[in-house]
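Trainee: Before we start, here is the structure in question, set down as structure tokens.
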């Protein structure tokens, strides 16, 4: 049986040396994430999201991974959600962090803003990475503008 790689995780996207993102990993994929050196996970999906792991915090605690849950309503992402996310990301500077939601749509939008606003990257370049996952529309277009 072939072992899973990070690239097997739904909508996986490596952002840089310390940050990777994806849709919802499986319990087995979290082992792969840990084995790749990720010690922090931020989940932006509400617990009732399709494919979510109801016991994700317990799974990650058992793997020795720090878990942060910021449930973001897909129909209403807020500045409070983003500010909470940004604070945690800043705290993890220089540490490996895996950020996920259900499909990497919430996450890719949050990461786009973080890259432009905090990391000082060119927004045009960050937008190319964002478009590998999706092109935000509606409230998400406003959120990323």
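Trainee: Based on what the data block shows, is residue 98 at negative phi, surrounded by 12 or more Cβ atoms within 10 Å (Cβ to Cβ) and in a strand (DSSP E or B)?
Mentor: Considered against the rule, which asks whether it is at negative phi, surrounded by 12 or more Cβ atoms within 10 Å (Cβ to Cβ) and in a strand (DSSP E or B), residue 98 comes out as yes.
Trainee: Right, another one. For region 13-38, which residues satisfy the criterion of being part of a loop (DSSP other than H, G, I, E, B) and over 19 Å from residue 125 (Cβ atoms)?
Mentor: Result: 23, 24, 25, 26, 36, 37, 38.
Trainee: Counting only residues that are out of contact with any helix residue (DSSP H, G or I) (no Cβ under 8 Å at 6 or more places or on another chain) and touching a residue at least 40 places away in the same chain (Cβ under 8 Å), which one in region 80-92 is surrounded by the fewest Cβ atoms within 10 Å (Cβ to Cβ)?
Mentor: Only one residue fits best here, namely 88.
Rundown of residues vs (1) farther than 14 Å from residue 102 by Cβ; (2) without any contact (Cβ under 8 Å) to a residue 60 or more places away in the chain; (3) loosely packed, with under 12 Cβ neighbours inside 10 Å, yes/no style:
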position	(1), (2), (3)
5	yes, yes, yes
14	yes, yes, no
20	yes, no, no
31	yes, yes, no
45	no, no, no
52	no, yes, no
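Trainee: Here's a follow-up. Can you pull out the residues in region 39-64 that are modelled with pLDDT of 95 or more, under 23 Å from residue 133 (Cβ atoms), in contact with a helix residue (DSSP H, G or I) (Cβ under 9 Å, 6 or more places away or on another chain) and assigned to a loop (DSSP other than H, G, I, E, B)?
Mentor: Passing the criteria: 44, 45, 53.
The values are calculated or read from the model by the stated rules, or taken from the named source; none is laboratory data. All values derive from a computational prediction rather than experimental measurement. Note: ideal-geometry Cβ built from the backbone for every residue, glycine included; neighbour counts use all protein chains shown.
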